[in-house]
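Since the structure comes first, as structure tokens, the remarks are kept for the end.
Bear in mind these aren't lab numbers, they're just calculated from the coordinates by the rules spelled out. Quantities reported herein were computed from a predicted structural model and do not represent experimental measurements. Cβ coordinates were reconstructed from backbone atoms using ideal geometry, including for glycine residues, and neighbour counts include every protein chain displayed.
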Amino acid sequence: MPLLAATIFLSAFLLFQVQPLIAKAILPWFGGAAGVWTTCLLFFQVTLLLGYFYSHGLTSRLKPRSQAHLHILLLLVSLISLPILPKEMLKPSGTDEPIGRILLVLVLTVGLPYLLLSTTSSLLQAWYTLKKTALGEEAEYPYRLYALSNFGSMLGLLSYPFLLEPALSLKVQAYSWSAGYVLYALCCGTIAWQVRSLSSAPLAPQPDSESEEEAYPEYVPPAPTRKHYLYWIFLSALGSTLLLSVSNHLSQNVASIPFLWVIPLSLYLLSFIICFGSREWVWRSAFTPFPMALLTMMSLGVLMVGKNIDLKILIPVFCIGLFVCCVFCHGELARTKPHPRYLTAFYLMTSIGGALGGLFVGIVAPLLFNNYYELPLALVAVAVLTLLTIYREEETKLTVPFYLEPSWVILCGVVVVGAMAFLADAIQTNRSNIKVVRNFYGVLRVRDSPASDGDMRRRQLVHGTILHGEQFFDAKKRNVHASYYADTSGAGRALRYVQMRPTNRVGVVGLGTGTLATYGRQGDEYHFYDINPMIPILANTEFSYVHDSKAKVEIRMGDARLTMEYEPPQQYDALLLDAFSSDAIPVHLLTKEALALYFRHLKPDGLLVVHISNRFLNLAPVVQRGVEALGKEALEITDNPGDALLQSATAWVVVASDKTILQHKLFKEVGKPIHVAPNLRLWTDDYSNLFQILN
């Protein structure tokens, strides 16, 4: 038992620690998009399903000796994958479909090790039950090992953003994980070798006749029905949908970083620990009444509409709501768990549900919906399910969680109606937009202000919860530098400075509506880089900045950094970095190596201008630390023009190789030095830590 428990714990620790590690490693290859983590979760859940299929098939179809030999062989083969660092040859091109490419990279990098780690808990529990049966002993409660597995998983997740990521480079993290996997392979191989001696023992004692069944009822525990199988799949799929929906929302609107990936997933695992840690799960003694849970979920859903809620409120409400929902779903799983004889089938059904939830959020929903409806739909499903559990059928052999008090029924019914009303309102609000499109990179909405605004009427592009540009309908204001790009902003001042030269070559990372093209003059060249294929379509069909620009405008598709790596030096007079998606930032565009790449494309007297406006993250010190390492000079320029032609408050960092450039009155009169905390470490491609710069 000690070796068994230690191996299960270690496998679970490694299983979930590798998730943020490998996702962070490939994040720069796909534009730092929030969809990278969702796609990674989909891969992990599908691979977990394959692991449970493997465990179930291995223990039900092969003799113990064959089981041991096959598993040891696979453990040895999996060592070829180490260390788990994605190979450069797997980098995508600008036109690759991202979801399929991410899945391919993950399969070739961590596929077999992750598959074998995912088999450990169910397989070793089955072997433990087999050995005890062969010895004529009663196995201890095996589902407690499932709770132990989830505890190890949660520690693996939490240790990453708080211990590993702040202290170790990505390369050291990968080598450390690989060393841990070698230790796991030795432990698991030792257990498998011991199983060889049980070659003559059947999986479970079988009665020889109907009379023996009556005499020894313990030999034939009640088998799960098809209804049980479907119920387990549904509950698991619902919990998985909630997890991915909340993670997607946080990654899209805060930042696509391990810190915000692991918190929801850790709470998801904690719900398993609570629900499976004891033999019996009892609602009244162990958990909050569920109408309160549903009210929390409704609060979570309200936040989806994009209110500017403080981060200290936003994250806890989402996470608490997720935790409450998951305890409900997983509590029902624990309540209906079968006899240990059927535990591999039980785990198989839960993994099928988890994979279906991942497929729904990761692939089906982006194809089916043009907005993020997964979370409100999941809330409605949990609300309805809670109401139905009050009237649960006896044949499911489940105890009723609540007494049938009228107040419970009425309150649950109100919550169900409220959840459905919220979903209907969200759909109706979505219809009020001119156009809504959704793809791997998020949801883009085009909307018009009311006709009553007169000559101030305008069209806006919104990505997630953040305005990404707007344009006036009035012909006289049509080419005004609106929103974040006013003459007084850091971007406006930098472009006005380089306009003192006869002509300009300007690079812009992030197209948006194309507002910056309004600065272009006859003879100028403006090159826009964008990874989202929908952005150029909307910029050219719903807005006219690109079409009206006097400059020659070229749009280059693909991740800006990868594209620039393959380009010869562009000799830009100015390069502007404005590539944020909602409030999330592509971390790989702010590393020392990225900054060095930008200066390779700038003239010696060129300007790098970085947009750092963000509700949640203080990005100025990160840029300052990077430019210091390159021997450059930087000033932060904040701008608050008020409501003059609807120009927005902004913060930009202007960087130059020659500090005399920043002494020009355009910068000196408003620019300020950037303070950097002594403990802020330089960001590189091998190291970054957003946890330190959270506002």
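Of note:
- Restricting the calculation to Cα atoms, the stretch 432-477 shows an Rg/Rh of 1.04 when the hydrodynamic-style radius is the Kirkwood one.
- Computed over the stretch 1-142, the P(r) tail beyond 23 angstrom holds 42 percent of alpha carbon pairs.
- If you plug the beta carbon distance of Asn618 and Val77 into 1/(1 + (r/R0)^6) with R0 = 41 Å, you get a FRET efficiency near 0.30.
- In loop segments of the stretch 466-497 as defined by DSSP, the trypsin sites (Lys or Arg not before Pro) with at most 11 further C-beta atoms inside 10 Å of their C-beta are Lys476.
- Calculated from backbone phi, Karplus (6.51, -1.76, 1.60) coupling profile of the stretch 165-180 in Hz, x at Gly/Pro: 4, x, 9, 10, 6, 4, 5, 5, 4, 5, 5, 5, 4, 4, 5, x
- Dimensions of the stretch 491-619 based on its C-alpha atoms, expressed as ranges along the principal axes with the largest first, amount to 37, 37, 29 Å.
- Value of D in µm² per second that Stokes-Einstein yields for the stretch 575-695, Kirkwood Rh from Cα pairs, at 20 °C (1.002 mPa s): 144 µm²/s
- Note on Glu97 and Ile434: with the Förster distance fixed at 35 Å, the Cβ-Cβ geometry gives a FRET efficiency of about 0.80.
- Using R0 = 35 Å, the C-beta based FRET efficiency linking Arg600 and Asn679 works out to 0.70.
- Subtracting the Cα-Cα distance of Gln692 and Phe473 from their residue separation scaled by 0.36 nm leaves 74.6 nm.
- Extension gain from Thr660 to Thr638, taking 0.36 nm per residue of separation minus the Cα-Cα distance: 5.9 nm
- Extension gain for Ala167 to His69 (0.36 nm times residue separation, less C-alpha to C-alpha distance): 31.3 nm.
- Under 23 Å from the Cα of Lys91 - lysines, other chains or at least 8 residues apart: Lys24, Lys171, Lys592
- The loop-placed trypsin sites (Lys or Arg not before Pro) in the stretch 16-93, going by DSSP, that have at most 12 neighbouring Cβ atoms within 10 Å of their Cβ come out as Lys87.
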